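Throughout, read-outs are computed from the coordinates displayed, never taken from laboratory work. No experiment lies behind these values; they were computed from the predicted model shown. Here the Cβ positions follow ideal geometry from the backbone for every residue, glycine too, while neighbour counts run over all protein chains shown.
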Amino acid sequence: MNSLALINEFLGQPPNASAHGYQIDHIIEFCHWFMGALFIGWSTFFIFVLFRFRKRRQPAADHAGVRSPISTHLEFSVVLIEAVLLVGFAIPLWAKRVNQFPPGKEALVVHVVAQQFSFNYHLPGPDGQFGRRDVSFVSNSNPVGLDPNDPAGKDDIVTTGELHVPVDRPVIAELSSKDVIHDYFVPAMRIAGDAIPGSLIPVWFTPIKTGTYEVICAQLCGLGHYGMKGTLVVDTPQDYQAWLKERAELAGGAQGAAPSPSPGAAQPGAPQQPQPQNKPSQPAASPSPSG
Ligand SMILES: [Cu+2]
């Protein structure tokens, strides 16, 4: 549909790259055309009323008012269309997004741990099991607080800023935050979800096009909010396996290090991004939003 692409471009939306995104685009498109029609309709009506009930034609006020039933019918139609939008499109789409998660075995599950001002990713590694996490283990070189004593966490993969996922496979991202409320927003995948301290909020999507997409924080979260960006790379299954292998090798090196690494110790698996400047040296340990 050409008009769909036009409206998306006009709104500054990147082209959709997820399986469910077309439904969201359709609802956005329909709402914009509908609101446009309402705007033109009501504006015309307003101008007509100004002219029709001008003082020169109606020197004395008419207390009975409008007698024609047209305005009632118009208002009823608007309510009806809005009800259809809500009940027929918005609620079913929303229910599908929040209730019908793909089965865990089929999907790729990743923990997204937000902090001022970057997104960290935690993947389970070859054993498919996430290692235990605890805020007491959080340090500059252990951004998600992986427990160094948990064998399940030995092969876990932790990255900052960039996540790779395979194409055509559902991804479940479980969002959490170490400090304040952030929002994990991937415009091309048509998903966004708040990352709230003390909560685990899952969102899911199925990427259908390989490529590199922008991830941004959509919640004003502090002075460095403007720079809280990341990258989502959708790979072919082969490229994804190669990336996993590379990350697993790096993680293996990092996990072999001392259990409580000092912040200065350079680690191969540690994030390549510079540490944010507008935060204390240790992220807040308690799940209490402070900004
Ligand atoms: Cu943020």
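Structure summary
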item	result
Net length gained if the chain between LYS55 and SER71 were fully extended (0.36 nm per residue, minus Cα distance)	3.6 nm
VAL84 paired with LYS229, simple spin-label distance in nm, labels 7 Å along Cα-to-beta-carbon	4.1
Overall form of the stretch 96-155 per C-alpha gyration tensor (a/c, 1.5; a/b vs b/c)	oblate
Packing-based exposure ordering (other Cβ within 10 Å, fewest first) of TRP204, TRP243, TRP94	TRP94, TRP243, TRP204
Proxy reagent accessibility, fewest Cβ within 10 Å first, across LYS154, LYS209	LYS209, LYS154
Loop-resident sites, the stretch 1-76, for chymotrypsin sites (Phe, Trp or Tyr not before Pro), counting at most 16 other Cβ within 10 Å (DSSP)	PHE53
Whole-angstrom gap from the stretch 175-212 to the stretch 25-45, using each part's C-alpha centre	30
Convex hull of Cα atoms in the stretch 42-148, direction-averaged projection (nm²)	14.7
Computed over the stretch 78-193: relative contact order in percent, which uses C-alpha pairs under 8 Å that are six or more apart	28
Residue order, fewest to most beta carbons within 10 Å, for MET35, MET189	MET35, MET189
